[in-house]
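Only the coordinates and a few stated rules stand behind these numbers; no lab work does. Note that this is a predicted model, so its numbers are computed, not measured. Note: ideal-geometry Cβ built from the backbone for every residue, glycine included; neighbour counts use all protein chains shown.
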Amino acid sequence: MLCFYLKTKSQNLVPNPSFEYHNDCNYFLLSNAYPWCTISSNGGQSTYYNPCFSSSSYQTPFQYLDNCFKSYQVPHSGVSYIDIASYVMGTNQESSVPQIKLTDTLKAGKIYCVTYYVSVWNNAKYTIDKLGALLTPTPFPCFVAGGPTVAIAGNYTPQVVTTPGVAIGDTLNWTEVSGTFTAVGNEAHLAIGDFFTHAQHYIQNTYPSNCNGLAYYYLDDVSVEVVEIAKAKNDTLIMQGDSTIIGNNPSEAALFSWQPTTGLSCTNCPNPKASPTITTTYTVTKTQCKVTTNAVIIVSVSPVGVREMSYWNEVVGVSPNPVNDILNIDISTSLDVTKNLTIKITDVLGKDLVLMEYQKQINISSLETGIYFVSILQGNKTLVTKKIIKQ
């Protein structure tokens, strides 16, 4: 129950991320969704909504307290969600701010992605910008009747915040909020909500006919995860008709795209199986929390057997690597084969950039910085392909 529904591995550092786990069906405040709590900030407590409650005021998907407090929203996942109330009317600057301790302290220098989903209450009169996620080394005090309070509004800067000047106002759908930041290395607690004063906000009277004075949001599916770069396995050799796994990515909440699509078991999964009929360079593009990275793998296909392919891989050398201007291509064999060979250079997308008869030296100063592939061909047959880095 504690696993984020998009994960197949424990990548999410937020326990009980979609608020499915709860202690009982008779207590409607956030602390029921253990180990969450509401920061004690004179902003009230976040409400916990679950279909098991007997009171219609706190059931999902429909709530009815009175004509000023009624709403309907299907959970983003599971059956539960909570709320964030921002009191934009009057002098109270504080809001209800949920807080959770992460399962692990963040690592210094690592890039982390924070994601959560919000939807406006149907009877909320106002909407606001700059909902934020704040990560801290120590927790704020949780609400306890008669306990200490802390002033949140205007005193803290969230690492991830929604677009300033754009009020989130969708009551029908869930709006994804996501962003990245580089960890200092001591962050262990996450708080989500409104950290700004009224004067620092763009406040919009989105639903003027509604009768309460709140900017009221549902909250669901919270995650904090490290941003990992795209990974492909090492270049490999297969026989015609064989296949191989080409990705080396964990199954996490990210978008994957493989090119070219020829011979792949799937084109948008982390680790497809490749069955090319000719030597092919595959590129994976991974998008995680709006961060895009790439990786490449060469799958060499031997039409004549592994022994011949292995032979050419041993006798052909390219240097220096990385290279600036002049690339040396050496064939250490006593056989007179160079007159029948062709050199081809392609980019990571498979585009042919150079096609010429074999030469020991090639000037590649005109190529941009990046990764390229040098192939030795004999007729239409690729004998060997080498990866180089152009500086």
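For the reader, a short list of remarks on this structure follows.
- Among the listed pairs Lys233/Lys387; Lys107/Lys233; Lys286/Lys387, those beyond 18 Å (Cα-Cα): Lys107/Lys233; Lys286/Lys387
- Point-charge dipole on Cβ atoms (K/R +1, D/E -1) for segment 167-287, about Cα centre, debye to 20: 400
- 3J(HN,Hα) along segment 281-288, derived from phi through the Karplus expression 6.51 cos²θ - 1.76 cosθ + 1.60 where θ = phi - 60°, amounts to 9, 9, 10, 9, 10, 10, 10, 10 Hz, with x in place of Gly and Pro.
- Subtracting the Cα-Cα distance of Ile229 and Asn205 from 0.36 nm times their residue separation leaves 4.5 nm of extension gain.
- Rounded to 0.05, the FRET efficiency of the Asn294 and Tyr156 pair, given R0 = 51 Å and the Cβ-Cβ distance, is 0.90.
- The angle between the Cα long axis of helix 306-315 and the longest principal axis of the Cα atoms of the chain comes to about 80 degrees, rounded to the nearest 10.
- For Thr138 and Thr103, the difference between the fully extended length at 0.36 nm per residue and the C-alpha to C-alpha distance is 11.2 nm.
- Beta bridges from DSSP with both residues in the chain: antiparallel share about 95 percent, rounded to the nearest 5.
- Projected label distance in nm at Cys269 and Thr91, using a 7 Å step from Cα toward the beta-carbon: 6.2
- Average projection, convex hull of the Cα set of segment 109-268: 14.1 square nanometres.
- Once the chain from Ile326 to Ile389 is taken as fully extended at 0.36 nm per residue, the excess over their C-alpha distance is 21.5 nm.
- Per-pair calculated FRET efficiency, R0 = 56 Å: Lys110 and Asn26 via Cβ, rounded to 0.05: 0.85
- Compactness relative to 2.2 N^0.38 Å, alpha carbon Rg of segment 30-226: 0.98
- Here's the picture: charge each Lys and Arg Cβ at +1 and each Asp and Glu Cβ at -1 in the chain, and of Tyr372, Asn205, Tyr218 the one pushed furthest to the positive end of that dipole is Tyr372.
- With N the number of residues in segment 228-303, Rg(Cα) / (2.2 N^0.38 Å) evaluates to 1.05.
- ³J(HN,Hα) computed for each position of segment 123-137 - Karplus, 6.51 cos²θ - 1.76 cosθ + 1.60, integer Hz, glycine/proline x: 9, 6, 8, 10, 10, 9, 9, 6, 6, x, 10, 10, 10, 9, x
- The magnitude of the dipole of segment 147-236, with charges of +1 and -1 set on the Cβ of Lys/Arg and Asp/Glu and taken from the Cα centre, is near 180 debye.
- Using a Förster distance of 45 Å, the FRET efficiency for Lys381-Asn173 (Cβ separation, nearest 0.05): 0.25
- Shape descriptor for segment 308-391: Rg over Rh equals 0.94 (Cα atoms; Rh from the Kirkwood inverse mean 1/r).
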